[in-house]
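The values are calculated or read from the model by the stated rules, or taken from the named source; none is laboratory data. Please read these numbers as outputs of a predicted model, since none were measured by experiment. Reconstructed Cβ throughout: ideal geometry from the backbone, glycine too, with neighbour counts over all protein chains shown. Calculation scope for accessible area: heavy atoms of the full protein, side chains included, ligands and nucleic acids excluded. Shrake-Rupley method; radii C 1.70, N 1.55, O 1.52, S 1.80 Å.
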Amino acid sequence: MSEAVTRIQVGGTAGSEPYEVLVGRQLLGELGGLIGDRVKRVAVVHPEALAETGDALRADLAGQGYEAVAIQVPNAEEAKTAEVAAYCWKALGQSGFTRSDVIVGVGGGATTDLAGFVAATWLRGVRWIAVPTTVLAMVDAAVGGKTGINTAEGKNLVGSFHPPAGVLCDLAALDSLPVNDYVSGLAEIIKAGFIADPRILELIEADPEGARSPAGAHAAELIERSIRVKAEVVSSDLKEAGLREILNYGHTLAHAIEKNERYQWRHGAAVSVGMHFAAELGRLAGRLDDATADRHRTVLESVGLPLHYRYDQWPKLLETMKVDKKSRGDLLRFIVLDGLAKPTVLEGPDPAVLLAAYGEVGQ
Ligand SMILES: NC(=O)c1ccc[n+]([C@@H]2O[C@H](COP(=O)([O-])OP(=O)(O)OC[C@H]3O[C@@H](n4cnc5c(N)ncnc54)[C@H](O)[C@@H]3O)[C@@H](O)[C@H]2O)c1
Ligand SMILES: O=C(O)C(=O)C[C@@H](O)[C@H](O)[C@H](O)COP(=O)(O)O
Ligand SMILES: [Zn+2]
């Protein structure tokens, strides 16, 4: 018997094309319908770790009559570089890829960010479909159309808003995901809990061990709730004119840590430390109550996410945070909470408050 498929609508307002995020099992049969029958070529962009999946998908699409090519890219952040994007552009050029052809990005958030960026830039924009295979990519990266690559100066500094034509979250893909990568994705789920849907936090607090596994009793509910948070926000503010900034909760420090670690830390681990910092910043700025700030520590720690980073790195982190995309001129801006599920912007915090907040995080 086939399991139920959940369909979550994204976009369709503010001038963006609507699309659906499908969550279920054995969803790859949906791919042909999403690609469409007037398409000649399909490029399947996948990481080394998913070489078999990428090739099976290519063969399946070839069997359906498409001219299908697989483009293998490095795992994780190694893929989010100008060099790898150029390698993909070369492969598309050599395949004769036109504006009516389609890119399929299969993999974690790093792969879907890259595949979406290549789709946004090739011929000034071709359609693309996301097939996220990590929990983080399902709940966050593949939804909402932020695509991009890193540069030596910082995380995601080059990119474009280019929403996919559809997102297929096949939960079966999570079975092969290493536990550390699964747990890293929980950081974005917990983020969705703090900024918008506290039920997420309750589900994790009730069974932190279960939350660490795709076999956990609430895995599908946690994933679907988080996708709904993201879908609602990006549907009303695709280009981050205002509301969408709340999805950046914890990310100002997180991106600086990732750069400092030369992108060897998982994004979710950095976001966990970044949310701990944002909670302390909110508390010390007089916005957030002690209980909600403390709740960050307990829930993040309960699933095995990190809370701390090197104290001596603060000057470098502060310098990197100045080129965060939320900054305006010399004004540093952070997302903090006024209370549970009440995200807001804190502009130009007192440097002494910033340092004191980092004092709780650094060790
Ligand atoms: N565009 C957005 O809105 C957005 C949102 C959140 C995060 N991101 C980006 O997403 C990236 C992080 O994504 P991530 O956490 O998915 O990490 P990732 O893409 O780096 O994947 C982690 C590792 O798991 C491997 N992998 C992927 N799927 C697998 C599977 N099913 N089984 C076994 N191995 C698998 C990958 O090849 C990689 O080595 C960061 O670059 C972050 O900036 C983007
Ligand atoms: O979708 C968004 O908007 C987010 O901020 C989601 C984040 O989880 C994600 O990591 C995003 O890539 C960060 O965007 P950036 O603009 O700060 O690079
Ligand atoms: Zn993120």
#### Entry: Scope region 253-284; condition open to solvent by 10 Å² or more (accessible area, probe 1.4 Å) and farther than 19 Å from Ile149 by Cβ; matching residues
Ala269, Arg283, Leu284
### Residues within region 1-28 that are modelled with pLDDT under 95, open to solvent by less than 80 Å² (accessible area, probe 1.4 Å) and within 29 Å of Ala56 (Cβ to Cβ), tallied
2
### Query
Right, Pro349: closer than 25 Å to Gly242 by Cβ and either open to solvent by 70 Å² or more (accessible area, probe 1.4 Å) or in a loop (DSSP other than H, G, I, E, B) (or both) or not?
yes
### Residue list for region 245-277, filter: touching a Phe, Trp or Tyr at 6+ places or on another chain (Cβ under 8 Å) and away from ligand 2 (no atom under 13 Å from the Cβ)
Val273, Phe277
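Quick grid of which residues meet (1) touching a helix residue (DSSP H, G or I) at 6+ places or on another chain (Cβ under 7 Å); (2) more than 16 Å from ligand 3 (Cβ to nearest atom):
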position	(1), (2)
Gly36	no, yes
Ala51	no, yes
Leu61	no, yes
Ile71	yes, yes
Lys80	yes, no
Ala85	yes, yes
### Message
When you scan region 298-319, do you find a residue that is open to solvent by 20 Å² or more (accessible area, probe 1.4 Å) and under 17 Å from Leu340 (Cα atoms), even just one?
### Response
yes
### Task
Tell me, please, whether a residue that is outside any loop (DSSP other than H, G, I, E, B), within 11 Å of ligand 2 (Cβ to nearest atom) and closer than 25 Å to Trp265 by Cα can be found in region 165-173.
no
#### Entry: Lone qualifier among Arg287, Arg328, Arg295 - being open to solvent by 70 Å² or more (accessible area, probe 1.4 Å), in contact (Cβ under 8 Å) with a residue 40 or more places away in the chain, over 22 Å from the mean Cα position of the chain (by Cα) and more than 12 Å from ligand 2 (Cβ to nearest atom)
Arg287
